[in-house]
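Participant: This is the structure I want to talk about, given as structure tokens.
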Amino acid sequence: MKPGVWVLAAYAAAGIAQPAAAQERTAVKAGFALPANTGKTILMFRPTVRVGAQSTGGLFEPNGDWTDQAIKNIGAALASRQGMLGNRVVTAPDAIGADAQLVAEYSALFAAVAQSVISYQFFVGNRLPTKKRDNKANVFDWSLGSGIAALPGAKDADYALFLYNKDAYGSTGRKLLQAVALLGPGLAIKSGEHAGYAGLVDLKTGDLLWLNADGEMGGDVRTAEGAEKRVRELLEDFPGSAKPKLAAAQ
């Protein structure tokens with residue numbers, strides 16, 4: 001086996017692939033608008049937060065202390081910003097038993113649908129046959145299903161706001177591998193993963209009305225300042241919000 005081929009095989013065995021270019025994308029379902037002060041109620045569910053390390057081989061290794069700190073920081077940042085979203089935002093009630101399981105299932109479903117949007121619609125080369133036209137051509141059509149109306153608090157609200165956040169900080173081994181790869185066969189080895197999705201869902205139909213997704217988010221969620229920046233990015237261009245976009249320097 002040629003040396004170059006052997007190195008490529010070694011990277012593949014370690015679960016390392018050349019990453020696709022990630023960038024922020026926002027989409028809105030055709031015909032949907034939510035101006036400020038319309039009297040609508042948005043039910044905000046507890047964000048899904050995963051924080052850990054990225055091993056040398058690229059595996060996610062959860063860190064409980066980092067996750068607990070991030071949950072606290074993101075929660076505080078959301079509390080300070082929910083009054084800026086243009087309409088009434090209420091926190092979903094604490095759920096137990098079957099209700100808690102249902103919330104967990106829909107939170108996971110939202111994350112899966114958001115990832116599907118990123119993979120199969122936002123990037124042209126991967127689009128599904130039914131999603132091939134531009135997002136602005138009335139084909140942003142994704143749903144979590146009408147069963148979402150059974151979520152606790154749903155009967156008293158119009159929309160659900162879901163948030164997903166995953167941070168994997170590159171380990172020393174991963175960073176070393178990244179440096180070595182620069183001297184190797186030209187593979188782009190990525191150290192760290194900082195992904196976030198925020199989505200607004202119709203609580204009657206389950207339709208995904210607005211999605212903001214970014215595979216390379218800023219802000220270290222383990223700090224209060226970093227979490228504030230992360231939440232600001234997640235809720236950028238939220239329907240009805242008058243807040244301007246982040247400057248490029250941020």
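Participant: Could you compute the net charge surrounding L78? Neighbours are other residues with a C-beta less than 12 Å from the C-beta of L78; K and R count +1, D and E count -1.
Facilitator: Around L78, the surrounding residues sum to +4.
Participant: Okay, moving on. What's the local net charge at T41, with K and R +1, D and E -1, over the other residues with C-beta under 13 Å away? Each step should come with its number before you reach the end.
Facilitator: Values: positive: K40, R88, K155, K204; negative: D156, D158, D202.
Cβ neighbours under 13 Å give a net charge of +1.
Participant: With N set to the residue count of region 41-128, report its C-alpha Rg divided by 2.2 N^0.38 Å to two decimal places.
Facilitator: Expressed relative to 2.2 N^0.38 Å, the Cα Rg reads 1.35.
Participant: Next up: For K29, which sequence-distant residues (separation of 5 or more, or a different chain) have an amide H within less than 5 Å of its own amide H, given hydrogens modelled in the peptide plane?
Facilitator: Here W210 satisfy the definition.
Participant: Follow-up. Among all the aspartates and glutamates, which ones have a C-alpha under 19 Å from K204's C-alpha, if same-chain residues fewer than 8 places away are not counted?
Facilitator: Cross-link targets: D99, E105, D141, D156, D158.
Participant: Okay, moving on. Which ³J(HN,Hα) values, rounded to whole Hz and listed in residue order, are derived for region 85-93 from phi using the Karplus coefficients 6.51, -1.76 and 1.60 in 6.51 cos²θ - 1.76 cosθ + 1.60 with θ = phi - 60°, glycine and proline given as x?
Facilitator: For region 85-93, the Karplus-derived couplings read 8, x, 9, 5, 10, 10, 7, 4, x Hz, x marking Gly and Pro.
Participant: Along Cα→Cβ, 7 Å out, is where each label goes; now give me the distance between the ones at A100 and S241 in nm to one decimal.
Facilitator: Output for this residue pair reads 3.0 nm.
Participant: Before I look further, what does region 60-118 give for accessible area per residue, probe 1.4 Å, in whole square angstrom? Before the final figure, lay out the partial values.
Facilitator: Values: 3180 Å² over 59 residues.
Each residue of region 60-118 exposes 54 Å² on average to a 1.4 Å probe.
The values are calculated or read from the model by the stated rules, or taken from the named source; none is laboratory data. Predicted model, so just to flag it, every value in this text is computed and none were measured. Heads up, the Cβs are rebuilt from the backbone with ideal geometry, glycines too, and the neighbour counts pull from every protein chain shown. Remember, those area values only see protein heavy atoms, side chains included, never the ligands or the DNA or RNA. Shrake-Rupley method; radii C 1.70, N 1.55, O 1.52, S 1.80 Å.
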